[in-house]
Amino acid sequence: MHEKRFSGDITRLRSAERVERLEVERVLQLCLEGGSYKDVLDVGTGSGLFAEGFAGHSMVVTGIDANPEMLPAARSYVPQGSFLQATAEELPFAQGSFDLAFYGLVLHEADDPLRVLQAAHRVSLKHVCVLEWPYREQTFGPPMEDRLSPARLEELFHQAGFIQWECIRLKNTDLYRLEL
């Protein structure tokens, strides 16, 4: 279970090149656009890169990661945040616990993407944002066989109970904003 989880140098997740490639601030702005959010669940938080950004927007941040080695790094960057070991399929939170749930490059790594999205739907009050690699060859990111096609993503969103979604194509990634 969770064979695709990140293993390697955690500092690599915060390299200037990666932060630029992921357009972190642009992603944060798009996730927060048009809403009033006080808290966020960062699923697959890793080193806390996006959690740190959300905290910088005055949000209460909770992060989870299946890999316990990630949690100390996330805590070091976001000391005011709360970080727990958990899987995206089994979120240890009550229904409607967060205004926003954010999934940064994690859905393609999930053992059961449908269960992940169902859990996201359950714990979110307002929106879910899913940042994913586009379904095209790139010199970075996962191999094509690990990427999720737009058709597969739409099927999963529908099956998980989302009523509407949109895809915003960024330079290197796609951001899906899902409505409950």
Output the residues belonging to segment 141-166 that are surrounded by fewer than 15 Cβ atoms within 10 Å (Cβ to Cβ), among the hydrophobic types (A, V, I, L, M, F, W, C) and in contact with an Asp or Glu (Cβ under 9 Å, 6 or more places away or on another chain). 144, 163
Answer with yes or no whether residue 115 is out of contact with any helix residue (DSSP H, G or I) (no Cβ under 6 Å at 6 or more places or on another chain) and under 22 Å from residue 40 (Cβ atoms). yes
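Yes or no, residue by residue, for (1) buried (at least 18 other Cβ atoms within 10 Å of the Cβ); (2) not aliphatic (A, V, I, L, M):
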residue	(1), (2)
110	yes, no
115	no, yes
122	no, yes
127	yes, yes
130	yes, no
137	no, yes
Scan segment 59-67 and tell me whether some residue there is more than 23 Å from residue 134 (Cα to Cα), buried (at least 20 other Cβ atoms within 10 Å of the Cβ) and modelled with pLDDT under 95. yes
Tell me whether segment 172-180 contains one or more residues that are under 14 Å from the mean Cα position of the chain (by Cα), farther than 12 Å from residue 43 by Cβ and among the charged types (D, E, K, R). yes
Looking only at segment 35-47, which residues are assigned to a loop (DSSP other than H, G, I, E, B) and either farther than 21 Å from residue 89 by Cβ or β-branched (Val, Ile, Thr) (or both)? 35, 36, 37, 38, 45, 47
For segment 126-148, check the following and say yes or no: at least one residue is among the basic types (Lys, Arg) and in contact with a Leu (Cβ under 7 Å, 6 or more places away or on another chain). yes
Selection from segment 64-82 of residues that are closer than 13 Å to residue 13 by Cβ and either of a type in the set (Phe, Trp, Tyr) or in a strand (DSSP E or B) (or both): 65, 77
Of 107, 125, 84, which residue is touching a strand residue (DSSP E or B) at 6+ places or on another chain (Cβ under 6 Å) and over 25 Å from residue 26 (Cα atoms)? 84
Let me confirm something: among 99, 42, which residue is surrounded by 21 or more Cβ atoms within 10 Å (Cβ to Cβ), at negative phi and of a type in the set (Asp, Glu)? 42
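A quick yes/no check of all residues on (1) basic (Lys, Arg); (2) farther than 14 Å from residue 178 by Cα; (3) free of Cβ contacts under 8 Å to residues at least 40 places away in the same chain:
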position: 73; (1), (2), (3): no, yes, no
position: 76; (1), (2), (3): no, yes, yes
position: 81; (1), (2), (3): no, yes, yes
position: 86; (1), (2), (3): no, yes, yes
position: 92; (1), (2), (3): no, yes, yes
position: 126; (1), (2), (3): yes, no, no
Does any residue of segment 101-119 turn out to be in contact with a Leu (Cβ under 8 Å, 6 or more places away or on another chain), among the charged types (D, E, K, R) and at pLDDT below 95? no
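The values are calculated or read from the model by the stated rules, or taken from the named source; none is laboratory data. This structure is a prediction, so every number in the text was calculated from the model and none was measured. Cβ sites come from the backbone with ideal geometry, for glycine too, and all protein chains shown count toward neighbours.
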